[in-house]
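I have placed the structure first, in the form of structure tokens, so that the comments after it can refer back to it.
The values are calculated or read from the model by the stated rules, or taken from the named source; none is laboratory data. Only a predicted model underlies this, so the values are computations on that prediction, with no experimental measurement involved. Positions of Cβ are backbone-derived with ideal geometry, glycine not excepted, and every protein chain shown enters the neighbour counts. Note: areas computed on protein heavy atoms with side chains; ligands, DNA, RNA excluded. Shrake-Rupley method; radii C 1.70, N 1.55, O 1.52, S 1.80 Å.
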Amino acid sequence: MAERMGFFTDTSVCIGCKACEVACKEWNDIPDDGFVFRATSYDNTGSLGASTWRHVAFIEERSRVPADQDRDGDDGSGGIEGWLMSSDVCKHCTHAACLDVCPTGALFRTEFGTVVVQADVCNGCGYCVPACPYGVIDRRERDGRAFKCTMCYDRQLGGLEPACAKACPTDSIQFGPLDELRARAAERVERLHGEGRPEARLYGDSPDDGVGGAAAFFLLLAEPEVYGLPPDPVVTTRDLPAMWRWAAGAALSLVGAVAVSFLSGGVLPGEGATGRTGARGRRGGWRR
Amino acid sequence: MVPEAEFRSYYGQPVIKSPVWHEPHMPAYLYLGGLSGAAAVMGVMAGLSGRDRLALTSRVTAALGATAGAAFLVAELGRPERFLNMLRVFKPTSPMSMGSWILAVHSGLTAVAAAPVLLATRPASRIAASLPAAVTASLPAAVTASLPAAVTASLPAAVTAVLPAAGDAASLASGVTGPLMATYTAVLLADTAVPAWHEAHRELPFLFAGSALAAAGAAGMLATPRAQAGPARAVAVLGAALETAAGAVLESRLGLVGEPYHQGRAGRLLRAARVLTAGGGLLAAVAGRGRVLTALSGLALTAGSLVTRFGILEAGRASAADPKYTVVPQRRRLEGEGRAPARAPARMWP
Ligand code: SF4
Ligand code: SF4
């Protein structure tokens, strides 16, 4: 197995140009994902999906000016404090729920430690879709199969870096061996703190988190949920043994309920005296 | 009432993806799987206690339920022609993989168990009597009468002689797969990132077991001569009670995450299901051998079990669509415990 590769997305230098989105679409030949005017910010892509493997979130932060001082944006910039931009992508989790639950083995772990769907195996069962704690993978309805970021498996096999990282003009998206990236990210966040930006934090870098660490992790400038990321995701299969235990209890209860019903002879209050069975039953019910 | 939770999100967009499963496929499959699973167990008990008519009804119900359920499952796939890829791997971390194997074995067993009935190695009159009334009514009489005879005639005598014994053995075995069939679907839903499903992983199996019992009991009541349907009525009553109790516990325990179960369309569906199930269960308890009450009760329980499944799917969708249910509990977990984010499983899944 080759070294585990990853993405470090440093959102503090992202300029929201969406070059990564375009490069990803072009290289991977992804069909359009709808032409929707979302009327929120400079983002009409919306979210990751079957046909969107990089998504640049764009947040216009409003300053929290007290109501009486807020002049209602008369200068046109009213209360906009800053822009947050972040290029989101599949996290290629250490404990990947999508991979755990895939019943066909279409999702597999590559020699680079990434998680990839084999399009010739996926039967479109759709199970991976609600399993992902980040809402990354989706089923392309007109095709029937599930799709997501492959971290450019094909380019990596050819010794090239993924298209998004290659296209990023500010090196906000950095690609490399995960260990190196983690060290570099720790340095970067410390430097930002030193420069008076205490809001800088790493997201998904810790091997101790609920997914065992993400191969694609981020430096964020606000809480993860502001970017549409879950604050404390946990791989759902962590609780699978407990789930099966509860199901086993329910299965045994089912058997018990049927057994009781038969052993009690099915006598319920409405049955009346048992002696009347034959005659009435035959007249009323037998269809011979 | 849960107090309104403060939280931030990306323009109110969902964090996770909603289940993509369609209506009616998914809920119909959940219902049919439950029906088939519980009916198989009834078939075993009826056989062991010498209630032949109820055993026949149950076996046929189990086989029809599994077959129809499998059809819905295949139709739900994005690539139905690749259904067999489900059996490419045996994967304990995937409830859908385990479920596919359970379904494959269970539908095979129930088909073999029902074959002697359907192939008329038992008297034809008893077959017709054991089929649900709706099925018999929808088939031309000539077909029902001639088909089994025609098939039997074309089979070697040896096969027809061996069928009943094989059928009995298969029926016994389906007593093991049946309970799994009726409850694994709860794990299927719970093993997702959908908060309303995942957090309900204790109650959902019992809810589904109850719903399955009610459905199978109802089928037994509707399709068996009333004098012999006593145990089916009891199964229906116990099932309705279990489903109602599990639903009540679920809704009271989950708090904020459980909101989707009593709000909006899911809330309306589940309230209707509760009325149908509880009402049907009460009726079954007093129906005795009354024709009208039995029919009413059986239909109410069938509808209740079906509507429950639609409601649960809808609740999952609503839970996934609102970022509140994903963000707030995770935030509380982080802040309440004042610790680093949750830890992954100690052991690596394959
Ligand atoms: S982020 Fe989602 S789709 Fe990507 S590896 Fe993790 S679970 Fe799978
Ligand atoms: S949709 Fe495809 S990739 Fe996703 S779980 Fe099903 S078979 Fe696996």
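Values for this structure:
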| read-out | value |
| --- | --- |
| Degrees between helix A:19-28 axis and first principal axis of chain A (Cα, 0 to 90, nearest 10) | 60 degrees |
| Amide H contacts of A:CYS93 (H built 1.01 Å from N, under 5 Å, at least 5 apart or other chain) | A:ALA215 |
| Approximate spin-label separation A:GLN118-B:LEU87, in nm, with each point projected 7 Å along Cα-to-Cβ | 1.9 nm |
| Förster radius 41 Å - calculated FRET efficiency between B:ALA165 and B:LEU299 (Cβ-Cβ, nearest 0.05) | 0.70 |
| Cysteines in chain A lacking a second Cys C-beta under 4.7 Å | A:CYS14, A:CYS17, A:CYS24, A:CYS93, A:CYS102, A:CYS122, A:CYS125, A:CYS132, A:CYS152, A:CYS168 |
| Exposed-site-free run, longest, chain A (rule: GluC sites (Glu not before Pro); DSSP loop; at most 16 other C-beta within 10 Å) | A:4-110 |
| Within the accessible area of region B:13-118 (1.4 Å probe), percent carbon and sulfur | 71 percent |
| Charge tally in the Cβ shell below 9 Å around A:GLY49, where Lys, Arg are +1 and Asp, Glu are -1, A:GLY49 excluded | +1 |
| Taking region A:128-171 and dividing mean pair separation by its residue count, relative contact order in percent (alpha carbons under 8 Å, at least six apart) | 20 percent |
| Accessible area in square angstrom per residue, region A:5-234, 1.4 angstrom probe | 39 Å² |
| Isotropically averaged projected area of region A:5-234, using the convex hull of Cα atoms (one quarter of hull area), nm² | 13.9 nm² |
| Partner lysines for A:LYS166 [C-alpha distance under 26 Å; skip if fewer than 8 residues away on the same chain] | A:LYS18, A:LYS25, A:LYS91, A:LYS148 |
| Order of exposure, largest accessible area first, which applies to A:PHE147, A:PHE262 with probe 1.4 Å | A:PHE147, A:PHE262 |
| Modelled FRET efficiency - R0 22 Å, A:TYR153 with A:ASP32, Cβ distances, 0.05 increments | 0.45 |
| Residues with amide H under 5 Å from that of A:PHE7, placed H, sequence gap 5 or more | A:ALA216, A:PHE217 |
| HN-Hα J in Hz across region A:197-208 - Karplus 6.51, -1.76, 1.60, θ = phi - 60°, x for Gly and Pro | 10, x, 6, 5, 8, 8, 10, x, 7, 8, x, 9 |
| Radius of gyration and Dmax over the Cα atoms of region A:124-217, both given in Å | 16.4, 50 |
| Percent carbon-and-sulfur accessible area, chain A, ignoring ligands, DNA and RNA, probe 1.4 Å | 53 percent |
| Gained length - A:LYS166 relative to A:THR40, 0.36 nm times residue gap less alpha-carbon distance | 42.5 nm |
| Contour minus Cα-Cα distance for A:LEU263 and A:ARG109 (0.36 nm per residue) | 50.3 nm |
| Share of carbon and sulfur in the accessible heavy-atom surface of region B:229-332 [1.4 Å probe, %] | 71 percent |
| Total accessible area lost when A and B pair, probe 1.4 Å, Å² to nearest 100 | 8200 Å² |
